[in-house]
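Below is one structure, written out as structure tokens; the observations come after it.
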Amino acid sequence: MYSGHVSPGGPPAVRELAELIVNKVSVGGSGWDNNAYVLRCRDTGEELLIDAADEPERILTTCGEGPLVRIVTTHRHRDHWRALAEVVERTEAITVAHADDAPAISVPTAEEVRDGDRVRFGRIELEVIHLVGHTPGSIALLYDDPTGSPHLWTGDSLFPGGVGKTTSPENFASLIGDVERKLFGRLPDETWVYPGHGDDTTLGHERPHLAEWRSRGW
């Protein structure tokens, strides 16, 4: 049974959907504990990696024979792309990031995306959702499962218990506003959330706390 919990150095958690297989692994050790996600199209075997955060060998082992065709970096912070150069060198995967964060990532971005763009691998399509505040170019990725509930990878913009860290009241207002409007205002409670660190959650579990988050300012 997939729970969304993984531990540094531990095995991946595997979620089997009708058309997509999700592999979640914690990389970077206890000091960072970043989540990396390898998504595999059941029909073609093609894979997409969300955040080549660290430990390239463990990421590549999780990918298996692939082929890994795209790597999406959710935002510019280095703890989300420390393994990117090596994984790209070993796989020749296409790099993807939002246009506003791409210049701050040391590995060149081959495909710059913006709000509403689609990222494809095999027969799977993910929608890019731009969430401004944690960084200028932070993105979430939405898989609208044709056979079930939506699935949402949020990077560091949304976690269990709140939105991501911001450095000013203006950035917080931007992030909470985007999260409320583009995520909670659009998607159903059963939407599964895969964050950049820590355990998974659902929009339904977090929705009752939106006013509390806005009131406390973080």
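Here, each number is a calculation from the coordinates, and none is a lab measurement. These numbers were taken from a predicted model, which means no experiment stands behind them. Virtual Cβ from ideal backbone geometry, glycine too; neighbours counted across all protein chains shown.
Six or more apart or on different chains, Cβ under 6 Å: which pairs go from a residue in region 101-115 that's at negative phi to one that's assigned to a loop (DSSP other than H, G, I, E, B) and of a type in the set (D, E, K, R)? Could you list them?
Matching pairs, first to second residue: 101/76; 104/76; 105/76.
Among the residues of region 112-127, which ones are surrounded by 19 or more Cβ atoms within 10 Å (Cβ to Cβ) and within 15 Å of the chain's Cα centre (by Cα)?
113, 119, 126
Working only within region 41-62, note down all residues that are without any contact (Cβ under 8 Å) to a residue 60 or more places away in the chain, crowded, with 21+ Cβ neighbours inside 10 Å and within 20 Å of residue 122 (Cβ to Cβ).
49, 52, 59, 62 - these are the residues of region 41-62 that are without any contact (Cβ under 8 Å) to a residue 60 or more places away in the chain, crowded, with 21+ Cβ neighbours inside 10 Å and within 20 Å of residue 122 (Cβ to Cβ).
For region 75-104, give me each residue that is buried (at least 20 other Cβ atoms within 10 Å of the Cβ), hydrophobic (A, V, I, L, M, F, W, C) and within 18 Å of residue 156 (Cα to Cα).
Within region 75-104, 81, 83, 84, 96, 97, 102 meet the criteria.
Return the residues of region 12-54 that are farther than 20 Å from residue 91 by Cα, of a type in the set (A, V, I, L, M) and not in a loop (DSSP other than H, G, I, E, B); say none if nothing qualifies.
13, 14, 20
Here are some conditions: (1) closer than 15 Å to residue 194 by Cβ; (2) charged (D, E, K, R); (3) in contact with a Cys (Cβ under 8 Å, 6 or more places away or on another chain). Residue 123 meets all but one. Which one does it not meet?
(1)
Assigned to a helix (DSSP H, G or I), surrounded by fewer than 18 Cβ atoms within 10 Å (Cβ to Cβ), in contact with a Gly (Cβ under 9 Å, 6 or more places away or on another chain) and without any contact (Cβ under 8 Å) to a residue 12 or more places away in the chain - does that describe any residue in region 157-170?
Yes, some residue in region 157-170 is assigned to a helix (DSSP H, G or I), surrounded by fewer than 18 Cβ atoms within 10 Å (Cβ to Cβ), in contact with a Gly (Cβ under 9 Å, 6 or more places away or on another chain) and without any contact (Cβ under 8 Å) to a residue 12 or more places away in the chain.
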